[in-house]
Amino acid sequence: MPPLKSLQHQFPSIDSNLLHFCASHGIFSVEDFLVHDLYMLVALAERQTSSKGLKEGIAQVLTFLNNQHFPWMNGVELLESTQHNKHFLLTGFDGIDTLLCGGLCEGNLTELAGPSSSGKTQFCLHAAAHVAYTYMCSVLYLDTSNSFSSKRISYRVNRLLASPNKGEKGRSLEGIMSSILSHSVFDIFSMFETLHQLELSLSSQAEIQNSKLRLLIVDSISSLITPILGGKGPQGHSLMLNVGFILKKLAIDYNLAVLVTNHTVVGEGGNSKPALGESWKSVPHTRLLLSRDQMSNICNMSILKHTSMACGQTASFRLDG
């Protein structure tokens, strides 16, 4: 999300006086505003000689935040949107692509949840390599926990290049690897800044590595969000929902397939369920649960939520490398 200064042209009450007041309390961006105690901020504003203008500015920042949602759509518009975004990116796992009716849906946010060592990162790396190879496009991999492995990526790309279509359309290891971009993001505010810069790049028609971006991976979203959910205030949940909103907005506005990973927690009856709570549950368009037999390396993926399929359907695949 943007710095407060960038809102000046849109909201006249967000002027230099408000910016100076906010800066004196360590508030420079919308993210800083979200995590600040709003009631305390208003109380501090009331002590200033220009309290009326400051409170109007604070109200306009809140107006900006409240406008960060998708407009209501009627049934015809929803159908047109669904039909427009019915393009899928094959992951390279045949059983999973069949389960998902074609793979990762462009225009949608897909969540892959699973316990530690269940194969979430390996699935993401495999999908990144397969999408970059198959569609000759760019993939952006946002790494939040040092999970990205160029060695694993190159191994998978080399296996694809060794297929019967080797050399087709001038594909090479160097060319495919250069189209898979990895960026480390270790806190929620860096994530906001990274997504903001990505949106600026996409909106200005800038191309990434001279190729169209079609897949955005965040591995893992829970590593960023879990640390901010503690405490009694609502700020952590606000930040979490805003990250989800931005990811969905990027998916829809630029027809990207967005894939995020999430860890699991033990729910009722001892069954695993995705973490991040009920508030996050409604954010992804599709939710998948991954489990793995460590002895056989066989993974099972089941549908927890899907826009057009019943929950509970499963498929299996084997991890290699």
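Looking across region 291-301 at every residue that is more than 19 Å from Ala257 (Cα to Cα) and not small (Gly, Ala, Ser), the one that is surrounded by the fewest Cβ atoms within 10 Å (Cβ to Cβ) is identified as Met295.
Quick grid of which residues meet (1) surrounded by fewer than 21 Cβ atoms within 10 Å (Cβ to Cβ); (2) touching a His at 6+ places or on another chain (Cβ under 9 Å); (3) of a type in the set (Lys, Arg); (4) touching a residue at least 60 places away in the same chain (Cβ under 8 Å):
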residue: Ile225; (1), (2), (3), (4): no, no, no, no
residue: Trp280; (1), (2), (3), (4): no, yes, no, no
residue: Ile303; (1), (2), (3), (4): yes, no, no, yes
residue: Ala315; (1), (2), (3), (4): yes, no, no, yes
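What number of residues within region 189-223 satisfy the criterion of being at pLDDT below 85 and open to solvent by less than 50 Å² (accessible area, probe 1.4 Å)? So the answer is 3.
You will find that of Leu304, Leu250, the residue that is assigned to a strand (DSSP E or B) and on the phi < 0 side of the Ramachandran plot is Leu304 and no other.
Which residues, taken from region 15-53, are of a type outside the set (Asp, Glu) and not in a helix (DSSP H, G or I)? Across region 15-53, the qualifying residues are Ser24, His25, Gly26, Ile27, Phe28, Ser29, His36, Arg47, Gln48, Thr49, Ser50. Being under 15 Å from Ile221 (Cβ atoms) and outside any helix (DSSP H, G or I) is the filter here; which residues of region 177-205 pass it? Passing the criteria: His183, Ser184, Val185, Phe186, Asp187.
Within this structure, Gly107 passes the test of being open to solvent by less than 10 Å² (accessible area, probe 1.4 Å), at pLDDT below 95, assigned to a loop (DSSP other than H, G, I, E, B) and at positive phi. Among the candidates Phe28, Phe11, the residue that is surrounded by fewer than 17 Cβ atoms within 10 Å (Cβ to Cβ), closer than 23 Å to Leu200 by Cβ and either at pLDDT 85 or above or of a type in the set (Phe, Trp, Tyr) (or both) is uniquely Phe28.
The values are calculated or read from the model by the stated rules, or taken from the named source; none is laboratory data. What you see is a predicted model; the values in this text were computed from it and never measured. Every residue, glycine as well, gets a Cβ built from its backbone with ideal geometry; the counts of neighbours run over all protein chains shown. Just so you know, the surface numbers come from the protein's heavy atoms only, side chains and all, with ligands and any DNA or RNA stripped out. Shrake-Rupley method; radii C 1.70, N 1.55, O 1.52, S 1.80 Å.
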